[in-house]
């Protein structure tokens, strides 16, 4: 592995927090108090980055609706946060797991055990982005902004004509040359110097949540507050599906269960059936004409 270059010491993510000089002597309550005070900065940093988060979400929505793919690239904590975000989308929104995927420096095994040095391989990031197309989106997740694996991936993505986003806790100059949109999360130095699994990780998780949830909510994957495209692969989610159908269709729990059974477990179909008296086949046809948007389907059915 390459030795760190002098530029690392200038990164905000490597800075020393002025209130942590006696972190080893202030006791558990003192450390927790300091961390909680700093965690509030994570939320403020995400709020300050709202315009860039919105732009990134708009691009994800456009990519999704156009049939493109979104790849999230990261290493270490940043990579694991990308993995979590991508993994949660199919059960929550019913998306094809191939449409939004995370690529972790060091491969799958690095998700569970750190592989030091994997992040330094820009060539592996380059290869990981080699099949991106202009209709695709690449999101690099790098607290420091200088992770070679992530930069290699974003560089190749740009050469392939794909849109690019960088989510980072660094305010380093020149980042506009790294990606088209820079989501800067200015959280400042960690209480444990360099440990970006702390508030930088918290801010990153919030930003990724907001990008994906807003994009898919605006793509017809939700109806009001409900995840109407969820995949009910567990008892908990089956119960949630029944409760969603009951609330959205205005029917009893028993009626919701029957509707879901007739709809083959499809929440949107069951809701439309409950609201309009349609058969499963007719409900699916109406949803197809509305491109899967339940609200549009309901409004269109009501106008008929």
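Looking only at segment 214-229, which residues are in contact (Cβ under 8 Å) with a residue 12 or more places away in the chain and more than 18 Å from residue 65 (Cα to Cα)?
224, 226
Out of all the residues in segment 118-152, which are under 20 Å from residue 8 (Cβ atoms), part of a helix (DSSP H, G or I) and in contact (Cβ under 8 Å) with a residue 40 or more places away in the chain?
118, 119, 120, 125, 149, 150, listed by residue number.
Do we find that residue 197 is more than 24 Å from residue 42 (Cα to Cα) and either touching a residue at least 40 places away in the same chain (Cβ under 8 Å) or over 18 Å from the mean Cα position of the chain (by Cα) (or both) in this structure? No; evaluated as a whole, the condition is false for this residue.
Output the number of the condition that residue 265 fails; it satisfies all remaining conditions of (1) part of a helix (DSSP H, G or I); (2) under 31 Å from the mean Cα position of the chain (by Cα); (3) modelled with pLDDT of 95 or more. Evaluating residue 265 over (1) part of a helix (DSSP H, G or I); (2) under 31 Å from the mean Cα position of the chain (by Cα); (3) modelled with pLDDT of 95 or more leaves (1) as the failure. Screening the candidates 211, 244 for the property of being outside the structural domain of residue 16 (by TED's automatic domain parsing), in contact (Cβ under 8 Å) with a residue 12 or more places away in the chain, in contact with a strand residue (DSSP E or B) (Cβ under 8 Å, 6 or more places away or on another chain) and assigned to a helix (DSSP H, G or I) yields one hit, 244. In segment 70-85, the qualifying residues are those that are assigned to a strand (DSSP E or B) and under 15 Å from residue 213 (Cβ atoms), and the one that is nearest to the chain's Cα centre (by Cα) is 72.
Whether any residue in segment 57-65 is assigned to a strand (DSSP E or B), in contact (Cβ under 8 Å) with a residue 60 or more places away in the chain and either crowded, with 21+ Cβ neighbours inside 10 Å or more than 19 Å from the chain's Cα centre (by Cα) (or both) is what I want to check. Checking segment 57-65: not a single residue is assigned to a strand (DSSP E or B), in contact (Cβ under 8 Å) with a residue 60 or more places away in the chain and either crowded, with 21+ Cβ neighbours inside 10 Å or more than 19 Å from the chain's Cα centre (by Cα) (or both). When segment 11-27 is filtered for residues that are assigned to a helix (DSSP H, G or I) and farther than 20 Å from residue 78 by Cα, the ones remaining, listed by number, are 18, 19, 20, 27.
Filtering segment 85-111 to residues that are surrounded by fewer than 24 Cβ atoms within 10 Å (Cβ to Cβ), without any contact (Cβ under 8 Å) to a residue 40 or more places away in the chain and touching a strand residue (DSSP E or B) at 6+ places or on another chain (Cβ under 8 Å) leaves 86, 87, 99, 101, 102, 110, 111.
Going by the structure shown, is residue 249 at pLDDT 95 or above, surrounded by 21 or more Cβ atoms within 10 Å (Cβ to Cβ), touching a helix residue (DSSP H, G or I) at 6+ places or on another chain (Cβ under 6 Å) and outside the structural domain of residue 64 (by TED's automatic domain parsing)? Against the criterion (at pLDDT 95 or above, surrounded by 21 or more Cβ atoms within 10 Å (Cβ to Cβ), touching a helix residue (DSSP H, G or I) at 6+ places or on another chain (Cβ under 6 Å) and outside the structural domain of residue 64 (by TED's automatic domain parsing)), residue 249 does not qualify. The one condition from (1) surrounded by fewer than 24 Cβ atoms within 10 Å (Cβ to Cβ); (2) within 19 Å of residue 202 (Cα to Cα); (3) touching a strand residue (DSSP E or B) at 6+ places or on another chain (Cβ under 6 Å) that residue 78 does not meet is (1). Looking only at residues in segment 169-188 that are in contact with a helix residue (DSSP H, G or I) (Cβ under 7 Å, 6 or more places away or on another chain) and without any contact (Cβ under 8 Å) to a residue 60 or more places away in the chain, the one that is surrounded by the most Cβ atoms within 10 Å (Cβ to Cβ) is 179. Would you check if there is a residue in segment 160-176 being at pLDDT below 95, on the phi < 0 side of the Ramachandran plot and assigned to a helix (DSSP H, G or I)? Yes: one or more hits.
The values are calculated or read from the model by the stated rules, or taken from the named source; none is laboratory data. Remember, predicted model here, so these are calculated numbers, not experimental data. Note: ideal-geometry Cβ built from the backbone for every residue, glycine included; neighbour counts use all protein chains shown.
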